[in-house]
Every structure is written in structure tokens, then in C-alpha cells.
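Notes follow the structure.
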Amino acid sequence: MAQEFWRWKESAWHDESMDPSKAQIITAGCDVGSVSSQAVIMLDGQLYAFANMRTGSDSPNSANNVMNWALKDLTLKLEDIHYIIGTGYGRVNVPFAHRAITEISCHARGGNFMYGPTVRTILDMGGQDCKAIRCDDKGKVTAFLMNDKCAAGTGRGMEVMADLLSVPIEDVGEMSLDVEEEPPPVSSTCVIFAKSEATGLLRKGWPKKKVLAAYCAAMAHRVVTLLERMGVEKDFAITGGIGKNVGVVRRIEKELGVTALTPKIDSQIAGALGAALFAKAVVEKERRG
Amino acid sequence: MITAGIDMGAKTIKVVILKDGQIIGRGNVFSGFETRESAEEALRLALDEAGLTLKDIQTIYATGAGRKEAPHAVNDITEVGADARGIFNLFPKVRTLIDVGAEEGRGIKCSAEGKVIDFVVNEKCAAGAGSFTESMARALEVSLEDFGKISLTSNKEIPMNAQCAVFAESEVVSLIHAKTPKADIAKSVHDAIASRIISMVRRVGIDQEVALIGGVAYNVGFVDALKRGLESDVIIPENPEYIGALGAALAAAENTN
Amino acid sequence: MQANYGYKDGSGEFYITIDTDKCNGCAKCIEACPPKVLEMIVNDYDEEVVAVSDAQRQKIKYACAPCKPMTGPRELPCVKVCEPGAIAHSW
């Protein structure tokens with residue numbers, strides 16, 4: 001099997017200034033994706049702690065692992081959390097969740113929190129899927145379009161190319177922008193065929209960064225056509241692993257003629273964040289009686 | 001009269017030399033990245049077998065994805081047209097022709113006169129063509145030939161969720177980790193692609209006789225899955241990957257006079 | 001809400017769009033669909049609406065193929081039977 005070029009930094013964080021014993025509503029969201037998993041803990045709708053790690057091959061345990069990591073340095077225990085919502089591709093595998101909600105709805109809610117009430121269009125480029133979401137000022141979904149059938153436009157598709165070129169995936173974006181002139185995009189959207197095409201380009205003497213530029217351009221274009229099917233309304237934001245790939249992001253922005261909002265926190269936690277917020281709404285509704 | 005047909009396929013280039021309606025030479029070379037050179041090589045192989053030189057050939061027609069790059073061809077015809085002509089020459093009763101190559105799958109409805117009435121193509125997606133089985137064979141670390149063979153030894157159905165060659169590869173790796181027998185995985189892969197091809201061909205209607213051509217026709221696992229899915233027998237001509245080139249050579253002969 | 005189910009791959013774009021604001025949950029489309037591509041769900045906003053089933057979502061090009069012959073008249077049973085016009089195909 002190929003060397004793992006897709007190692008990016010896992011992280012865990014919490015706000016030391018916050019005190020869970022003073023919180024009225026403690027909720028959590030757990031997003032188990034095909035490639036990465038996140039857990040988010042909120043106190044009265046304020047972000048308290050989160051963890052972001054690779055799902056790995058042990059998907060059923062990923063939820064436990066990422067939640068334990070988020071809780072690791074806290075006095076808070078799992079039992080203290082009032083309501084937990086699971087989401088993501090593996091949302092059926094969050095054993096401690098009280099309920100599951102789709103990633104689409106969670107991403108919209110989380111995006112609304114992260115980027116503010118002006119965000120109307122969210123593009124999430126995940127490990128094995130690509131989602132385009134339109135939402136209102138409260139983070140409610142007004143339209144969505146998801147593609148998890150085809151690897152083109154997903155992290156996996158990018159991995160295949162990074163693997164072929166022996167480039168660590170975190171470096172792909174920067175390298176692809178380091179070209180004097182933008183090359184024509186690879187003609188195939190299909191990752192398998194794009195891989196053959198890339199091999200041919202390398203043989204023709206193209207430097208790696210030029211091949212990456214051609215591939216990022218193709219991926220960006222493909223994603224833009226997906227977005228345009230749904231319609232793009234400002235403000236626009238990008239979440240998910242490929243959202244950290246500047247090569248793809250810049251090209252998407254250029255083709256759309258719209259600049260994406262910059263997140264102040266790790267955009268990969270958007271789903272889990274939305275789940276924790278949904279959980280808060282459930283608790284509030286229950287307490288109202 | 002001696003004519004030749006060059007099928008500039010995505011993965012392999014096939015050449016057929018036809019003398020008075022009989023095939024006297026064949027050549028098959030990987031397309032590679034220098035397709036013109038590969039085509040010349042395939043032509044050389046066919047000429048050697050026929051015991052001829054290039055000058056002896058009156059007309060050369062081309063077909064296939066890269067047909068505009070074919071050397072020495074004076075004209076080119078579509079793959080669909082070439083396929084239909086080729087199969088009509090060998091099996092005139094065929095009404096539904098299925099051609100599965102490395103990068104494309106096609107379904108062609110043929111008339112009693114060997115003309116194309118209708119066709120449907122699965123292009124630009126590896127899951128609908130030979131590249132799919134190749135990727136899966138690689139993931140299982142078996143040769144493509146063995147991949148087809150071992151699938152015949154299984155009678156277990158393992159649902160495969162992934163509809164993309166890249167995701168299916170990951171799915172296969174997980175199945176292997178879970179100790180699923182390779183034969184069962186092989187069967188599921190072949191069933192999946194056969195099912196996709198059949199769904200596609202249904203869009204032009206399936207009428208007897210049904211024939212299968214293209215490189216994937218050598219895959220015994222695929223052929224078995226196709227027959228089961230269609231619930232009918234399928235004609236597979238000898239040297240099924242050459243039918244397109246044959247069609248081109250026949251078209252060249254028809255138009256040389 | 002415009003719910004788009006399906007995918008885009010190298011061979012094209014294949015989406016079935018359900019307008020959940022128009023869908024009245026009558027389920028006639030579910031009955032009318034031969035390969036059973038559609039099903040009733042309660043979505044995250046507690047609305048009872050039609051959706052494309054998870055099992056079929058990634059292969060609707062193939063699932064819907066019987067209703068989409070290459071030539072000849074084409075009438076999609078799901079679209080025909082939907083009174084509020086809540087369902088649409090992109091191909």
C-alpha cells in the first residue's frame with residue numbers, strides 16, 4: 001500500500017477561562033467522517049473544547065477516541081453533558097449520542113456560528129464527499145447538493161494525486177500556486193484518468209508543481225460547476241479538509257468571482273459544532289416543556 | 001484488395017489487415033504516451049504477420065478515441081460505426097452489441113443490415129469500463145486474468161456500496177482487512193460492473209442476439225456476470241478486441257472502388 | 001428547501017431535486033417508481049417529505065435508466081404523478 005502522504009496535524013483545544021460548573025446547558029457534537037472525526041463541547045452555546053483527528057480504519061471507535069481526546073484535560077466528564085448529537089458519514093457509529101442529524105444540517109448550523117449570520121453559501125470539501133449548502137441567516141438549510149459517489153473533488157481524489165507525485169498533502173496547495181503561468185486543467189474529472197494524464201505530463205517534462213496546478217484547476221472547476229447548479233449567494237465560506245488547500249481555494253474564488261470568508265477557528269469542526277448547537281436547541285425545547 | 005483498420009484505443013492500439021474480406025494480420029500495442037509511434041508499431045506487427053509492407057495496403061481507415069492521430073489513415077469512422085460493421089461481418093444476427101474497453105463502455109443497437117440504430121456510451125468514468133476491474137485486481141494483488149477466474153469459484157453475494165473505482169478500492173481494502181475471501185470480493189466486483197453495463201445497455205433495449213466485444217470480453221468473471229445479469233447467452237467473437245479495427249478495415253474496403 | 005440527491009461524475013450530472021416546500025407527502029411518486037428510488041423520510045427539520053433512498057443515491061444514473069430510453073418518448077412516472085410539481089430530474 002502507498003506511503004501515507006495524507007498526514008496532517010491533529011489537534012485538541014479548550015478555553016481555559018471557561019468554567020463548566022457554571023454552565024446551564026452543556027452540549028456536544030461528534031462528527032465521524034470517512035477520513036477525519038471531530039468532537040466539540042459547548043457551554044451555553046459558547047465553544048468550550050474540541051478535538052480533530054484522523055478516523056483511521058477503526059471507525060466504530062473513532063467517536064469514542066475523539067470525544068475522549070476532547071475531554072482529556074477537562075474536569076468535565078461525558079456523563080455531565082446534557083445532550084450529544086452525532087453526525088457525519090459514520091453518524092450511526094456514535095454510541096454515546098442521543099440523536100443523529102445529517103451532516104448537511106449540521107454544517108449549515110456550524111457554518112452560521114463560525115462565519116456569522118451573513119454566510120449564505122457553504123462549500124464543504126471532505127475526505128470522501130463534496131457538499132454545497134445554501135442557508136439562511138439562522139443557519140437553516142434552504143438548498144443542498146451533495147456528491148459522495150465520485151472521488152473527483154474530494155480529499156481522496158487529492159490524496160491519489162499527492163501520492164502519485166510523492167508530495168505531502170499539506171504542501172499541495174502552496175506548490176500548485178508556485179507557477180508562473182496557469183497551465184490548462186487536466187481534461188479528465190475522473191481521478192483514475194486524471195492520474196494517467198498526470199503521469200503523461202510528468203513524462204513530457206512538466207515539473208510537479210505544474211501538474212499540481214493543472215489538477216487543482218480541474219478540481220476547482222468541477223466544484224464550481226457543482227456550486228453553480230445550486231446557485232451561489234454571498235457570503236461564501238469553505239469548510240473541510242480541502243478548504244485548507246490554498247491551491248484549490250484560490251482557483252475556486254477566482255472562477256466564482258467571490259472571496260471566501262476566513263474562519264477564526266479550524267473549519268474542520270463545522271459539522272460537530274453544528275451538532276452541538278442542535279443539541280442545545282433540543283435541551284432548550286425540553287426545558288421549556 | 002488489401003485494406004487496414006487502426007483502432008486507436010485509450011489503452012491499446014489494434015490493427016487489422018484485411019485481404020478480400022479475410023483477416024491476414026493483426027497487431028496490438030499499448031497506446032502509451034506516444035500514440036503515433038505505438039500505432040506504427042502495431043501496424044508493423046500486423047504487416048509482419050501478413051507478410052506485407054505498408055505499400056501493399058490500398059486504404060487505411062482509423063477509429064477509436066485517438067483516431068484523429070492515426071498515422072497513414074485517410075479517413076476515420078466512429079467507434080460505434082466500426083463496432084457495428086465489424087460484428088455484422090462475423091455474426092450478422094447480432095442486434096445488441098456491448099463493447100467494454102479500458103475507458104469506455106458502449107451499448108449499440110444494430111439493424112438487420114448491420115447499421116447502428118441507436119447507441120449509448122458510458123464515458124469518462126472508470127467505474128463503467130475496464131479500468132474498474134483493473135484497479136480492483138491491483139487492490140487484491142492478483143493478475144487481471146486470475147481476478148476473473150477466482151470470481152467464478154464464489155457463490156456468495158457481498159454488497160459493494162462504492163460506485164467509484166477510487167472508493168471501491170478502499171472498500172476492497174477494508175474487506176480484505178475483515179478477512180473476506182478474495183474470490184467473494186472478485187465476484188462482487190464483477191457483478192457490480194456487469195450490472196452497471198447492463199443498466200446502460202437497457203437504454204437502447206436488449207434484443208437477441210447479444211454480443212460482447214472489447215478487451216474486457218477476455219475477463220471470464222465479467223462474462224459470467226454479464227450472462228447471469230442478462231439471463232441470456234452472449235456471443236463473444238474470437239479476438240474480441242479487434243472488432244473495431246476490423247470494422248474500420250471493412251469500411252476502408254467498401255469505400256475503395 | 002431544494003434537496004438535490006445524486007452526483008456528478010466524469011460521465012455527467014445526475015440529480016433528482018425535491019422541493020420540500022412543495023412536497024405534500026402524498027407518496028404517489030414512491031408508488032410510481034419501478035426501481036424504488038424514492039422513499040419517505042422525516043428530515044432534520046421534522047418535515048415529512050420524499051427523498052432519494054441511500055441505497056440508490058449513488059447509482060441513480062443506472063437506477064433511473066429504465067425510464068430514460070435513448071430514443072423514443074420519455075415520460076418520467078415520478079414527475080408525471082406529482083401534482084405540486086415537487087420533483088425534477090437534471091438529466
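The values are calculated or read from the model by the stated rules, or taken from the named source; none is laboratory data. Treat the numbers as computed from the prediction; the structure is a model and nothing was measured. Methodologically, a virtual Cβ is constructed for each residue, glycine included, from the backbone with ideal geometry; neighbour enumeration extends over all protein chains shown.
Mind listing whichever residues of the stretch A:111-136 are within 13 Å of residue A:271 (Cβ to Cβ) and more than 13 Å from every other protein chain (Cβ to nearest Cβ)?
Correct list: A:111, A:112, A:113, A:114, A:122, A:124, A:125.
Of all the strands (runs of 3 or more DSSP E) wholly in the stretch A:5-79, which have at least 3 residues that are surrounded by 18 or more Cβ atoms within 10 Å (Cβ to Cβ)? Steps first, please.
On the way: elements: A:11-14, A:26-32, A:36-43, A:46-54.
Of the strands (runs of 3 or more DSSP E) lying wholly inside the stretch A:5-79, those with at least 3 residues that are surrounded by 18 or more Cβ atoms within 10 Å (Cβ to Cβ) span A:26-32, A:36-43, A:46-54.
Determine if the stretch B:26-49 includes at least one residue that is within 18 Å of residue B:255 (Cα to Cα), outside the structural domain of residue B:216 (by TED's automatic domain parsing) and touching a Phe, Trp or Tyr at 6+ places or on another chain (Cβ under 9 Å). Talk me through it step by step, then tell me what you get.
Restricting attention to the stretch B:26-49, the residues satisfying the condition of being within 18 Å of residue B:255 (Cα to Cα) are none.
The answer is no, given that none of the residues of the stretch B:26-49 is within 18 Å of residue B:255 (Cα to Cα), outside the structural domain of residue B:216 (by TED's automatic domain parsing) and touching a Phe, Trp or Tyr at 6+ places or on another chain (Cβ under 9 Å).
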*Is it the case that residue B:53 is over 20 Å from residue B:219 (Cβ atoms), surrounded by fewer than 20 Cβ atoms within 10 Å (Cβ to Cβ) and under 17 Å from the mean Cα position of the chain (by Cα)?*
no
- [ ] Determine whether residue B:186 is in contact (Cβ under 8 Å) with a residue 24 or more places away in the chain, under 20 Å from residue B:98 (Cβ atoms) and surrounded by 17 or more Cβ atoms within 10 Å (Cβ to Cβ).
- [x] no
Restricting attention to the stretch B:98-143, the residues that are within 15 Å of residue B:214 (Cα to Cα), away from chain C (no Cβ under 14 Å) and part of a helix (DSSP H, G or I) number exactly 3
Residue count, the stretch C:1-45, condition among the β-branched types (Val, Ile, Thr) and within 14 Å of chain B (Cβ to nearest Cβ), comes to 1
Within the stretch B:159-175, the residues that are surrounded by 15 or more Cβ atoms within 10 Å (Cβ to Cβ) and either of a type in the set (Gly, Ala, Ser) or more than 9 Å from chain A (Cβ to nearest Cβ) (or both) are B:160, B:162, B:165, B:168, B:169, B:170, B:171, B:172, B:175
Wholly inside the stretch A:82-195, helices (runs of 4 or more DSSP H) that include 3 or more residues that are over 17 Å from residue A:278 (Cα atoms) are A:155-165, A:169-177
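Residues are listed down the side, and each one gets a yes or a no for (1) under 26 Å from residue A:161 (Cβ atoms); (2) buried (at least 16 other Cβ atoms within 10 Å of the Cβ); (3) touching a helix residue (DSSP H, G or I) at 6+ places or on another chain (Cβ under 7 Å):
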site	(1), (2), (3)
A:217	yes, yes, yes
A:224	yes, yes, yes
A:254	yes, no, no
A:264	no, no, no
The correct count of residues that are within 7 Å of chain C (Cβ to nearest Cβ), among the charged types (D, E, K, R) and part of a loop (DSSP other than H, G, I, E, B) in the stretch B:194-212 is 1
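In the stretch A:179-218, which residues are within 14 Å of chain C (Cβ to nearest Cβ) and more than 27 Å from the chain's Cα centre (by Cα)?
As a first pass, look at the stretch A:179-218 and keep what is within 14 Å of chain C (Cβ to nearest Cβ): A:185-197, A:218.
Once the filter is applied, which keeps residues that are within 14 Å of chain C (Cβ to nearest Cβ) and more than 27 Å from the chain's Cα centre (by Cα), the stretch A:179-218 yields A:196, A:197.
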Going through (1) at pLDDT below 95; (2) closer than 20 Å to residue A:271 by Cα one by one, residue A:203 fails only at (2)
